[in-house]
Amino acid sequence: MGMEVVGLAPTGEQGRLFVNNVYWWRPLAEFLQSEFPDLTAGCADWDTNAGAGLDGGAAILLGEAVGRAVASGRVAAYEAQRAERLSALPRPECDLCEGRGYRTDKLGVFYGLDKPRDPVTGKGGCNKCEGTGTVEPLEREYGFDTQNVADFGAFLRASGGFRIE
């Protein structure tokens, strides 16, 4: 699933469509709302593709603010702080094997995942955590980078307003 952000009156190709999958859209929308609350308030719903958006003037103002934030290094600093925070998150226990590193449920037994992973062959062990008993924190699956923010800023400035579909 993804978010297609459609320009309402694009002034060029860059303002026609902006697309992110949900793993990239969510952090982008969170950044915009936290860093520019007054400029994003006019969009009733950043979290769904139900058609909310901003009119042309509001989109341009937000796009200009985003452009300034990218140019000043503010977005890069946010990206670095986010990466540092995410890297410090502990790995939660695997819910499939309950932290054992191997599965004891019927499906796990059927597929031979009910014994610790063999370090030589790599066989056995839990298929979700690869035998470690822990998994990556879900929040690390969500991407954020300065280029994506810059691209959205350029889209905003050329969109003539937008709706999130």
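Annotations
- Placing +1 on the Cβ of every Lys and Arg and -1 on the Cβ of every Asp and Glu, with no other charges, gives the chain a dipole of roughly 460 debye about its Cα centre.
- Legend note: in the chain, cysteines whose Cβ sits 4.7 Å or more from every other cysteine Cβ are CYS43.
- Think of a 1.4 Å ball rolled over the protein heavy atoms: region 1-92 then has 56 Å² of accessible area per residue.
- Helix runs (DSSP H) in the chain reaching 15 Å along axis by Cα, Kyte-Doolittle at least 0.5: 56-72
- Pairs of Cα atoms farther than 17 Å apart, region 49-123, %: 71 percent
- In plain terms, the chain from LEU17 to GLU141 could stretch by 42.2 nm, reckoned as 0.36 nm per residue minus the Cα-Cα distance.
The values are calculated or read from the model by the stated rules, or taken from the named source; none is laboratory data. Every value quoted in this text rests on a predicted model; they were computed, and no experiment measured them. Because the Cβ atoms are built from the backbone with ideal geometry, glycine has one as well, and the counts that use them run over all protein chains shown. When the accessible area is computed, the model is the full protein with side chains, heavy atoms only, and any ligands, DNA or RNA have been set aside. Shrake-Rupley method; radii C 1.70, N 1.55, O 1.52, S 1.80 Å.
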